[in-house]
Structures are given as structure tokens and as C-alpha cells.
Amino acid sequence: MTASKTSAARRTLLATSAAALLTSALPPAFAQAKVLLRISTPAVPDDWHAKMWTVFKDTLEKSAPGEFDVQINLNASLFKQGAEPAAMARGNLELTTISAFDIAKLVPEFSVFTAGYIVRDPAHQQKVFNSPIGTEMFKTVAEKMDITPLATAYLGTRQVNLREVRNVKTPADLKGVKLRMPGSKEWLFLGEALGVTPTPLAFGEVYLGLKTGTIDGQDNPLPTVKSAKFYEVTKQITMTNHLVDGIFISISNKVWNALGADQKAKVKAAAQAAAKYNNDNRIADEKQMVDFFKSQGLTVTTPDLDAFRKTVQTAYLNSDYAKVWPKGMLERINNTR
């Protein structure tokens, strides 16, 4: 080998070695960028809806180590509640939870899940959304909102909480009761269907309203009754189970569509693990709370739920709300066992 050839060979070897050293020195982000998953939630740290996101993050890191950068933002610190869908459309947010009421604003047919006595209990909720019904409805949400629901998280079951003990068996027994309801027309309609006189009042004013008699009662899931201390100014809880509510762990289509099939499967599995963690703990909490309220001197009763369900569903079927529901959807939900 001539001197010139030897020199050229050395230069090639040195260049190759330098390139290899440079590549090995690069941070992992340059070698393979992590998929950013920013989460925005209004939930406070002690809420199961906040804790479930840690389950999501840990599950995903275990199944796909180093592939995702999951950033959890609690207390609506990243986006205000209700602003998340718009942020997802702009590409400023990847994951959030969204309520049936918020979905129904843009997907009217989803309003079937905001009506009273549609979902019977948490187990029925999971069966419905894990069935072809859920697949169809979530597909419509993805098409109209550009987000994809991944799992259904149980929010709680609303019960009627009264200032004075009352014999409540059917909706007729609630006639004349001034029941505080959230102020939207959808909530007020539900109150009317229950047989009460729905009275809009800001949540922060409910305790005083119950104490002074401005209202005769309020409706909320049992954990809210406890945390807001409504049991201090009421004497009865009637287990009407009139709305089994849920929120949906959802991801921006922009991110979802960019994932590979394996990544999609892992993200969805992590969302379902998070939802199950929330659901199991929230259901256990609710079961314990009946005994707590009894220990505080409240009377806890169960009315004729079939009478309530029939009356409320009839009211909805005769309203404008049902006109936008997919044909046969109510029957399919009722028949899901």
C-alpha cells in the first residue's frame, strides 16, 4: 500500500470512528424522540380521578419503557375545565377527561348518556361502553370532535338528599320539593322528570340554602355529600340512583393517529387500567358512605326504582332530547346485561 493510500485509509477510519462516537454521545431524545403526552385535569390530588393518571403513567412506562413522556397537570393548572377539547384541536394538549354533558354539546346524539335512568349502575356503565354501543358512539365522537375516547371512568351516582325525612316511593312523592339542580336546561329537565321543583343555585350556596330552608334538598353523588358536609344540614338520603355519571379518558386524534398499532394498544391498555383503578376505589368509597351517613343520624331509604325509571324515561322519550338519539339506542342500552 502506498503512503497516499495509507493516509486515505486512516482518514476514513478516523471519520468513521468520530461519527460513531458522536452518535453514541447524543442524548436519547435525538436518537428516538419520546412521544409527548400532556394531561390536563381539574381533579385535585386526593381525588381518585387525579390518582388514576399516575396509574396511567406507570402502566405505560412499564409496557413501553422510554417511549412516552407523560406530564400530569392537576387542579386545572394547564387548561381550565371545559377548555381542553379546543386545546386538543390546536395541538396544545394530548390527553384529558371529558364529560358526557360536554361531549353532547358537539355530538347531540351522545346526550342519551346525560338522561336519567339510562345507565343503571357502574357495572352496566362499563358493559355499555365496552360493547358495540360504545364502539359506535366513540367513533362518532372521534369524527366530530377530533378526539378518541379510550376508557370510561366512573364519576359517581347521584342521589336525592333532603332536609326533612319524607316517605319517597315514586316521583309523585317528591311533588313540591325544591331540589337544587345545576342551572343548565338539561339538568333542570332531569329535575322535572324526577317530580321535583328544580331550583338552580350555585354549588357554593347549597349548604346555606339547605340550612335556611331556601331549598328542600339537593342531588349529588355520596362522596360530594360528605366532602361538602351537606349531611350536617339534611336528615335523609333517598337512593334514587337517577344518574350514573362518567367521564371519558380521551386522546387527541392528532397524536393518536400518529402512533403505531403497538403503541396504540399500550396507550389504550394504560387508560383502561387507570379507569379500573378509579372505578374500583370510587365504588368502594360509595359503599362505605352509606354507613357513615347512618352514623351521622341520617335516614337512608330506597324508593321504587322501577317506578322512577319508567317515569323519567317516559319524560325523555316524549321530549325533544330523544329526537336526536340514534334509533333504537335506548332499547339497546336497556337490554345490555
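The values are calculated or read from the model by the stated rules, or taken from the named source; none is laboratory data. Please read all numbers here as calculations on a predicted model, not as lab measurements. Because the Cβ atoms are built from the backbone with ideal geometry, glycine has one as well, and the counts that use them run over all protein chains shown.
Scan the range 141-154 and report the pairs whose first residue is under 20 Å from Arg90 (Cα atoms) and whose second residue is crowded, with 22+ Cβ neighbours inside 10 Å and modelled with pLDDT under 95, with Cβ atoms within less than 8 Å and a gap of 6+ or a chain change.
Val141/Ile103; Met145/Ile103; Asp146/Met88; Ile147/Met88
Does Ala64 meet the test of being among the small types (Gly, Ala, Ser) and modelled with pLDDT of 95 or more? Walk me through it before giving the result.
Working: among the small types (Gly, Ala, Ser): yes; modelled with pLDDT of 95 or more: yes.
So Ala64 fits the description; yes.
Those residues that are assigned to a helix (DSSP H, G or I) and of a type outside the set (Phe, Trp, Tyr), I need them from the range 282-296; list them, please.
Step one: list which residues in the range 282-296 are assigned to a helix (DSSP H, G or I), which gives 282-295.
Residues satisfying the conditions are Arg282, Ile283, Ala284, Asp285, Glu286, Lys287, Gln288, Met289, Val290, Asp291, Lys294, Ser295.
Got at least one residue in the range 236-258 being more than 22 Å from Ser99 (Cα to Cα) and assigned to a helix (DSSP H, G or I)? First the steps, then the outcome.
Taking the range 236-258 as the starting set, the residues that turn out to be more than 22 Å from Ser99 (Cα to Cα) are 236-239, 257-258.
Now narrow it down to the ones that are assigned to a helix (DSSP H, G or I): none.
Scanning the range 236-258, I find no residue that is more than 22 Å from Ser99 (Cα to Cα) and assigned to a helix (DSSP H, G or I), so the answer is no.
Suppose we filter the range 44-61 for residues that are modelled with pLDDT under 95 and over 15 Å from Arg282 (Cβ atoms); how many remain?
Of the residues in that region, 1 qualify.
Within the range 27-49, can one find any residue that is among the aromatic types (Phe, Trp, Tyr) and either part of a loop (DSSP other than H, G, I, E, B) or closer than 23 Å to Asp146 by Cβ (or both)? Show your work before the answer.
Filtering the range 27-49 down to residues among the aromatic types (Phe, Trp, Tyr) leaves 30, 48.
Narrowing the set further to residues that are either part of a loop (DSSP other than H, G, I, E, B) or closer than 23 Å to Asp146 by Cβ (or both) leaves none.
No, the range 27-49 has no match at all.
Please go through (1) crowded, with 17+ Cβ neighbours inside 10 Å; (2) outside any strand (DSSP E or B); (3) of a type in the set (Ser, Thr, Tyr) for Thr214 and return the number of the only condition it doesn't satisfy.
Of everything listed in (1) crowded, with 17+ Cβ neighbours inside 10 Å; (2) outside any strand (DSSP E or B); (3) of a type in the set (Ser, Thr, Tyr), Thr214 misses just condition (1).
Does Val324 count as under 29 Å from Lys185 (Cα atoms), among the β-branched types (Val, Ile, Thr), in contact with a His (Cβ under 8 Å, 6 or more places away or on another chain) and surrounded by 13 or more Cβ atoms within 10 Å (Cβ to Cβ)?
On the way: under 29 Å from Lys185 (Cα atoms): yes; among the β-branched types (Val, Ile, Thr): yes; in contact with a His (Cβ under 8 Å, 6 or more places away or on another chain): no; surrounded by 13 or more Cβ atoms within 10 Å (Cβ to Cβ): yes.
So Val324 does not fit the description; no.
Check Thr238 against each of (1) touching a residue at least 60 places away in the same chain (Cβ under 8 Å); (2) surrounded by fewer than 16 Cβ atoms within 10 Å (Cβ to Cβ) and name the one condition it does not meet.
Going through the list (1) touching a residue at least 60 places away in the same chain (Cβ under 8 Å); (2) surrounded by fewer than 16 Cβ atoms within 10 Å (Cβ to Cβ), Thr238 breaks only (2).
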